[in-house]
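The values are calculated or read from the model by the stated rules, or taken from the named source; none is laboratory data. Computed from a prediction, not measured in an experiment: that's the story for all the values here. A quick note on method: Cβ atoms are made from the backbone with ideal geometry, for glycine too, and the neighbour counts reach across all protein chains shown. These accessible areas exclude ligands, DNA and RNA; they are computed on the full protein's heavy atoms, side chains included. Shrake-Rupley method; radii C 1.70, N 1.55, O 1.52, S 1.80 Å.
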Amino acid sequence: SHGPCQLTRSAARHDIRPVQPELSLMPALPALGVTLQAVRKARKAARRTAMCSEKTLREQAEQIASDRAALRMGPGGLESVVPQAEREQLAQEADTLSPFRKGVIFAAFLLLFGGFQDGFWLVVQPKLTSLGLLQVVRTEESQSSSILLVILLLAVGAGLLYVGTVLLKPAPLPSLEDVLQEEETREEARKELQLARLSGRWYYGMNLGQSYEISKNQGEWCFSEELAGRKCSCTLRIVGNWVHGDLVDEKGEEVGLIRLRRTTGNSVVSNLKIPGSTTWGNPNEAIGW
C-alpha cells in the first residue's frame, strides 16, 4: 500500500477527451411565444434535477419556493412551499389525540349540564314550593347533599373541560423554517460524527511503519502525514459517504485529492486521485490503535 505522499504526478500520457458542452436544463427560449405550459415543464425538470443533486434540504425548498413565485403560485417565501390547505390536512393527520379529546370534552359538557340543571332546581324549587306549585319538601340534610353534588359535578366537568381544551390541545404544526433548522442541526451533528470517527492516528504499509493523523484544529478537521521528510496536509470536508480533502505539501504544491471512509472495523479506507487523473487510485487500508 502507498500513502498519499508517496504518489506523485504520473508521467504517463492520459487520453484527452473533448469537453462536452453542458446542457442547460432550461434552454434559451424566444422572447415571444413562450407558453405557461413550456415554463412549467422546464421548472419541473429543473426541480427534479435539484432533488437528485447534493443540494441541502433548505436549498431544495428555496428552489421550489422560487418556482412557485415565478409561476405566481405563491408569495415566494419558504412557507409557500406547503399551501395552507395542505398544512391544515397535515395538522389533522398529526392530531392523534383528536378522538380522545372529543370524548373528554363531551363528558365534560354532560357533567356541566347536569350540575347546572341540579343547581337551577336547587334555586327554583323552593320558590315554586312556596307558591304551591310543587309539593316537594326537602330536609336540610338532602339540601346539603344536593349542593355538594352540584359542586362536585361542576368541578369535575370544569376539570375535564380544561383537560380537553388546554392539556390535550393539538400542538401547532411547525413552520417550514423550524423544520429546516431542525434538519440542519441533525445534518451538522451527523457530519461531525462522521468526521469524529476518523479522528486519531492511522497506520498502514509494511509492518505498519507509515501513518497519518486526522485531528480537529480551530474548528476544522485536518489530515496530515509526513513521509520521507515531505509533509502533506489538507482540510477535510464531507462529500456523501466519504470525506474529501485537497492535499498539498509544505511548499504549497498540489499532491492530489484524497478521500477517506471509516469501515465497520477499526480501520479507514482511503484513495488518492492524482492531479490530471480522472480515476481514483488503489484503496489503502489503515488501522487505528
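Mind checking segment 217-289 for trypsin sites (Lys or Arg not before Pro) that DSSP puts in a loop (not H, G, I, E or B) and that have at most 14 other Cβ atoms within 10 Å? Hits after loop and neighbour filter: 251. In this view, the solvent-accessible surface of residue 130, computed with a 1.4 Å probe and all protein chains in place, comes to about 90 Å². Estimated at the nearest 10 Å², the accessible area of residue 131 is 130 Å² with a 1.4 Å probe.
Heavy-atom accessible area with a 1.4 Å probe sorts 235, 96, largest first, into 96, 235. Couplings 3J(HN,Hα) for segment 244-255, derived from phi with the Karplus relation 6.51 cos²θ - 1.76 cosθ + 1.60 (θ = phi - 60°), are 10, x, 8, 6, 9, 8, 5, 8, x, 7, 6, 9 Hz, where x marks Gly and Pro.
Here segment 148-240 has 58 percent of its accessible surface on carbon and sulfur atoms, given a 1.4 Å probe and all protein chains in place. Between residue 179 and residue 96, the distance separating the two model label sites (each 7 Å from Cα on the Cα→Cβ line) works out to 1.8 nm.
Across segment 107-112, computed HN-Hα scalar couplings (Karplus, 6.51 cos²θ - 1.76 cosθ + 1.60, θ = phi - 60°) run 5, 5, 5, 5, 5, 5 Hz from first to last residue, x flagging Gly and Pro.
Amide H to amide H distances under 5 Å link residue 210 with 204, where only residues 5 or more positions off or on other chains count and H is placed in the peptide plane.
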